[in-house]
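Colleague: Would you mind keeping the following structure in view while I ask a few things?
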2 protein chains.
Amino acid sequence: MKAVNLAEKLVQVDAHWHPHIVAGYNGNDVMVVRVEGAFTWHSHPETDDFFLVLKGEIDIELRDRSVTVREGELYVVPAGVEHRPVARSEAHLLLIEPAGTPNTGDPATAVRKVVI
Amino acid sequence: MKAVNLAEKLVQVDAHWHPHIVAGYNGNDVMVVRVEGAFTWHSHPETDDFFLVLKGEIDIELRDRSVTVREGELYVVPAGVEHRPVARSEAHLLLIEPAGTPNTGDPATAVRKVVI
């Protein structure tokens, strides 16, 4: 394995909200994604959801409040907690989830993650 | 939980090679650490070792080669692989390991991680 340059990987990400896998860690996918606009409300009953903002900022809306996560900041949504990430302008994120976790919380609507 | 500002957390790290826990993710510690100089050769038989360079650069020496990991780059040392991180000048890292993993690979010599 080579070192993974996140900025170089993000250039290859062709669509918003489409996570691309850049590494594996103990059965988890380490992913980069470009986001803009509002994602869907969802939760992951069996796993925490790790967000690190590499560029820009996002709001992680929870049912009772909203958490702004800026460049150089991270946030972990606990398992089972409903959330909706929203980016007012394009942001770049590093995500970590167990391999096979549907990004929408629902296999029927999840995008297929791509390895780059 | 609030968003975790990594630069603000790093100001609180008082010694090199002393990981400070800033968040939890599925039983893993998410940590920041300031490093300089050479760490000890070690391995973690049961877990991969996740490194993300937030500032500066490090070499992750393996027995057969060395991998330079620069700011904005990540590297995952597979479980069981001997490695020695070396920083020629101070670098800041984000680390992820299962809670309780000894940083030196050996509970007898490991530092106690601090939650900040």
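Colleague: Evaluate 2.2 N^0.38 Å with N set to the residue count of chain B, then give the Cα radius of gyration divided by it. Don't skip to the answer; put the middle values down first.
Modeller: On the way: Rg = 13.1 Å, N = 116, 2.2 N^0.38 = 13.4 Å.
Chain B yields a ratio of 0.98.
Colleague: Highest mean first, what order results for B:106-113, A:58-65 on Cβ atoms within 10 Å? It would help to have the intermediate numbers written out before the result.
Modeller: Numbers: B:106-113: 11.6, A:58-65: 14.8.
Output ranking for B:106-113, A:58-65: A:58-65, B:106-113.
Colleague: List every residue whose amide H lies under 5 Å from the amide H of B:A110, counting only residues 5 or more places away in sequence or on a different chain, with H placed 1.01 Å from N in the peptide plane.
Modeller: B:T104
Colleague: I've got another one for you. Spin-label point model (7 Å from Cα, Cβ direction): what's the A:A110 to A:R65 distance in nm?
Modeller: The answer from the label model is 3.0 nm.
Colleague: So for region A:6-115, averaging the separation of alpha carbon pairs under 8 Å that are six or more residues apart and normalising by length, what relative contact order in percent results? Kindly include the intermediate steps, with their values, before the conclusion.
Modeller: Working: 256 pairs, mean separation 36.6, N = 110.
Value for region A:6-115: 33 percent.
Colleague: Sort shortest first the distances from A:G37 to its counterpart in every other copy, using label points 7 Å along the Cα-to-beta-carbon line, and give them in nm.
Modeller: Label point to label point, same position, other copies: 5.3 nm.
Colleague: A further question follows. Among the listed pairs A:K2/B:K2; A:K2/A:K113; A:K2/A:K55; A:K2/B:K113; A:K113/B:K55, which have their C-alpha atoms separated by more than 25 angstrom in this model?
Modeller: Working: A:K2/B:K2 33 Å; A:K2/A:K113 21 Å; A:K2/A:K55 23 Å; A:K2/B:K113 28 Å; A:K113/B:K55 29 Å.
Beyond 25 Å between Cα atoms: A:K2/B:K2; A:K2/B:K113; A:K113/B:K55.
Colleague: Taking all pairs of different Cα atoms in the protein assembly as shown, averaging 1/r and flipping that mean, what Kirkwood radius in angstroms comes out? Before the final figure, lay out the partial values.
Modeller: Working: mean 1/r = 0.0556 Å⁻¹.
This gives a value of 18.0 Å.
Since every read-out is calculated from the coordinates, none of them should be taken as a lab result. These numbers come from a predicted model, not from an experiment. Cβ sites come from the backbone with ideal geometry, for glycine too, and all protein chains shown count toward neighbours.
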